[in-house]
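J.: Handing you this structure, nothing more for now.
The values are calculated or read from the model by the stated rules, or taken from the named source; none is laboratory data. These numbers come from a predicted model, not from an experiment. Cβ coordinates were reconstructed from backbone atoms using ideal geometry, including for glycine residues, and neighbour counts include every protein chain displayed. Just so you know, the surface numbers come from the protein's heavy atoms only, side chains and all, with ligands and any DNA or RNA stripped out. Shrake-Rupley method; radii C 1.70, N 1.55, O 1.52, S 1.80 Å.
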Amino acid sequence: MKIYDISLEIKKDTPVWKNKDGKRPKFIITAQYNKNKMNESRIDMDLHTGTHADAYFHMLAKGKKIDQIS
């Protein structure tokens with residue numbers, strides 16, 4: 001089977017649902033260690049950011065969750 005990766009890169013200006021700022025990914029530097037010139041970062045984002053698959057549960061009250069779909 002051949003698989004094509006169509007994933008979009010996650011970045012600050014990745015398109016989000018209804019262009020809502022609250023759904024935009026946030027890249028945060030949480031710590032800086034100048035002695036070793038290292039940074040620690042985190043990404044805060046909505047689970048619906050970028051390329052993804054929704055389970056039926058997302059739209060249907062009795063829909064299957066992603067781990068219930070074969």
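J.: Using beta carbons and a limit of 6 Å, which pairs, at least six apart or on different chains, have the first residue in the stretch 44-63 and under 18 Å from Pro25 (Cβ atoms) and open to solvent by less than 80 Å² (accessible area, probe 1.4 Å) and the second one hydrophobic (A, V, I, L, M, F, W, C) and part of a loop (DSSP other than H, G, I, E, B)?
T.: Hits for this filter: Gly50/Leu8; Gly50/Ile10; Thr51/Leu8.
J.: Just the residues that are in a loop (DSSP other than H, G, I, E, B) and open to solvent by 50 Å² or more (accessible area, probe 1.4 Å), please, taken from the stretch 12-31. Let's see the steps before the verdict.
T.: Step one: filter the stretch 12-31 for residues in a loop (DSSP other than H, G, I, E, B), giving 12-16, 20, 24-25.
Lys12, Asp13, Pro15, Lys20, Arg24, listed by residue number.
J.: Could I ask something else about it? Out of curiosity, is Gln68 over 13 Å from the mean Cα position of the chain (by Cα), modelled with pLDDT under 90 and surrounded by 10 or more Cβ atoms within 10 Å (Cβ to Cβ)? I'd like the intermediate steps shown before the answer.
T.: Details: over 13 Å from the mean Cα position of the chain (by Cα): yes; modelled with pLDDT under 90: no; surrounded by 10 or more Cβ atoms within 10 Å (Cβ to Cβ): yes.
When the stated conditions are applied, Gln68 does not pass them.
J.: Within the stretch 1-10, count every residue that is surrounded by 10 or more Cβ atoms within 10 Å (Cβ to Cβ) and either at pLDDT 90 or above or among the β-branched types (Val, Ile, Thr) (or both). It would help to see each step written out before you state the result.
T.: So in the stretch 1-10, the residues surrounded by 10 or more Cβ atoms within 10 Å (Cβ to Cβ) come out as 8, 10.
Adding the requirement that they be either at pLDDT 90 or above or among the β-branched types (Val, Ile, Thr) (or both) leaves 10.
Selection size over the stretch 1-10: 1.
J.: Give the stretch 32-43 a look and list any residue that's surrounded by 10 or more Cβ atoms within 10 Å (Cβ to Cβ) and more than 19 Å from the chain's Cα centre (by Cα), or say none. It would help to see each step written out before you state the result.
T.: From the stretch 32-43, those surrounded by 10 or more Cβ atoms within 10 Å (Cβ to Cβ) are 32, 39-43; that's our starting set.
Gln32, Asn39 - these are the residues of the stretch 32-43 that are surrounded by 10 or more Cβ atoms within 10 Å (Cβ to Cβ) and more than 19 Å from the chain's Cα centre (by Cα).
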